[in-house]
Amino acid sequence: MPESGERRMIVRARVVATMDGAPIENGAVAISADRIVDVGKFPEVSARYSGQAIIDLGEQVLLPGLINAHCHLDYTCLRGRIPRQKSFSDWIRAINAEKSKLSPQNYIASIKEGFAEAKKFGTTTIANLTAFPELIRQLPGPPIRTWWFAELIDVRSPTRTNELVDSAIESSKPAQNYGFAPHALFTASKNLYQRCEEAGNDVLLTTHLAESREEMEMFRDGSGPLYEFMKSLGRPMDDCGNQTPLELFLGAPGGRALSKRWIIAHLNELTESDFDLLEKMKAKFHVVHSPRSHDFFGHSSFQSERLRRLGLNICLGTDSLASNESLSLFAEMRAFQRGEPEISPEKVFEMVTVNPASALRQQNTLGRIRPGFRADLIGIPSRQGRDLFGEIVAFDGEVDWITVNGRTQSIQSPAADSV
Ligand SMILES: [Zn+2]
């Protein structure tokens, strides 16, 4: 998008929660083009930047825009279409049946609808996995900051892995930010993982790991519904029956245990020996938990505190609407809190701001309100409550005000602007 040196403003709010020190009462943020240039008390900021347009949000709290660390906008149109199934494998069969009815136009509409919904709920950055990277060039510039992860599966076409990766690299080029997502150990071959890792150190990587009991059963025990399903597709099953999914993932050649590049979705199913492995790991990867999707499937409980104490960076994501009801990270934070009431609302809020910024290697540009950072901000109503972060997490409406890359955007018209 074009940057304009002319675009300057001061945004005032009753309180500014910077995630960079204590919240500032009667606070203000000065913005120039796409950057935050000043943060402080309103009288001081307005004196330093006198003459600039002032937007007064009134009785609101100004926040860094939220960051969704894991979702699949491809499937926005599948909301409510797939009921809970008896097994995870049955759910995969059900979503495959629904997907077979969709055309590229349906997916494009679904992705656009997803962007609009995410934005409505205050998401300004999204890590979006797409099974159709070839559609990226057909879409208008996304209205929020987007990392496109090409989601790759070669279980049905193991001889075409190299071709698949080459074509994903080509298709992803029009995206400003992109990475690769070999889908999961049961659908993506070792070669596919390796090819994605070879795409360059700057390329972010994400995958689904240790999500379901059936995945654990398949790899550790060499049995169960997912084992049978994958075997029926002709998948070579010689990596099953010995190791847990985490052991298999970390045991790959190339020192995956030493890499901080991976953003791991799920990590629900871990054995005690898996926790020992995580403790010994030198570089800790990033983990995305999707509380409502997790509850939909009834996975084993996510051990967030234990993982956090081991040094893993815990983020939240919505996952897709094929297993969730909305793209609201506020609802995700509340669902997380229901399971972990002892974790402070401020720590939970970090899981949708500071933590995912770090997972996307944007810890110096996103997730906080700090001079030099990108001007991605949202405003939500705030009464003078003492528990500011409790109030933030409890917010269940649509955001009143949003600016992405320094551009204030209309919530109603998703295509009005792009990043
Ligand atoms: Zn996912």
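The values are calculated or read from the model by the stated rules, or taken from the named source; none is laboratory data. Everything numeric here is computed off the predicted structure, so don't read it as measured data. Reconstructed Cβ throughout: ideal geometry from the backbone, glycine too, with neighbour counts over all protein chains shown. With ligands, DNA and RNA removed, areas are computed over all heavy atoms of the protein, side chains included. Shrake-Rupley method; radii C 1.70, N 1.55, O 1.52, S 1.80 Å.
Seen from every direction in turn and averaged, the convex hull around the alpha carbons of region 5-63 projects onto 3.7 nm². Computed on the chain, with alpha-carbon pairs under 8 angstrom and 6+ residues apart, the relative contact order is 22 percent. Applied to region 348-356, the Karplus parametrisation 6.51 cos²θ - 1.76 cosθ + 1.60 on θ = phi - 60° returns per-residue 3J(HN,Hα) values of 5, 5, 4, 6, 10, 9, 4, 5, x Hz, with x for Gly and Pro. Expressed per residue, the C-alpha convex hull volume of region 90-222 stands at 133 Å³. Volume of the convex hull of region 151-254 (Cα atoms only), normalised per residue: 95 Å³. Given +1 at the Cβ of Lys and Arg, -1 at the Cβ of Asp and Glu and no other charges, the dipole of region 97-216 around its Cα centre is 360 debye to the nearest 20.
Remark: spin-label model distance residue 383-residue 300 equals 4.3 nm, labels positioned 7 Å along the Cα→Cβ axis.
Between residue 50 and residue 173, residue separation times 0.36 nm minus the direct Cα-Cα distance comes to 40.1 nm. Across the accessible surface of the chain, with the other protein chains kept in place and a 1.4 Å probe, carbon and sulfur atoms take up 47 percent.
A simple spin-label model places the labels of residue 309 and residue 194 3.8 nm from each other, with each point 7 Å out along Cα-to-Cβ. Helix 329-339 and the longest principal axis of the C-alpha atoms of the chain enclose an angle of approximately 60°.
The trypsin sites (Lys or Arg not before Pro) of region 118-204 that DSSP puts in a loop, and whose beta carbon has at most 13 other beta carbons within 10 Å, are 156. Partners of residue 347 within straight-line reach, counting aspartates and glutamates whose Cα lies under 15 Å from its Cα and excluding those fewer than 8 residues away in the same chain: 20, 305, 332, 387, 391. Restricting the calculation to Cα atoms, region 199-300 yields a radius of gyration followed by a Dmax of 14.1, 38 Å. Among the GluC sites (Glu not before Pro) within region 318-419, those in coil by DSSP and having at most 14 neighbouring Cβ atoms inside 10 Å are 325, 342. With the charge dipole of region 1-154 set up from +1 on Lys and Arg Cβ and -1 on Asp and Glu Cβ about the Cα centre, the Cα lying farthest toward the positive end among the listed residues 104, 64, 115 is that of 104. With the biggest extent put first, the Cα atoms of the chain measure 69, 45, 40 Å across the principal axes.
Checking the Cα-Cα distances for 173/280; 99/231; 101/173 against a 26 Å cut-off, the pairs over it are 173/280; 101/173.
Taking θ as phi - 60°, what are the ³J(HN,Hα) couplings along region 14-24 by the Karplus curve (6.51, -1.76, 1.60), each to the nearest whole Hz, with x for Gly and Pro? Along region 14-24, the couplings run 3, 8, 10, 8, 7, 6, 9, x, 5, x, 9 Hz. This model, with +1 at the C-beta of Lys and Arg and -1 at the C-beta of Asp and Glu, gives the chain a dipole about its Cα centre of some 580 debye. Out of the trypsin sites (Lys or Arg not before Pro) in region 323-404, which ones are loop residues according to DSSP with at most 10 other C-beta atoms within 10 Å? Qualifying residues, ordered by number: 383, 386. Compared with the dominant Cα axis of the chain, that is its longest principal axis, helix 161-172 is turned about 10°. For region 152-254, the Cβ-based charge dipole about the Cα centre amounts to some 180 debye (Lys, Arg positive; Asp, Glu negative; other atoms uncharged). On a per residue basis, the chain carries 40 Å² of accessible surface, using protein heavy atoms and a 1.4 Å probe.
Here each label is just a point 7 Å from Cα along the line to Cβ, and for residue 22 and residue 103 those points are 6.0 nm apart. Remark: the residue 232-residue 325 segment gains 30.3 nm on full extension, using 0.36 nm per residue and subtracting the alpha carbon distance.
Between the helical axis of 88-99 and the longest alpha-carbon principal axis of the chain there is an angle of about 70 degrees.
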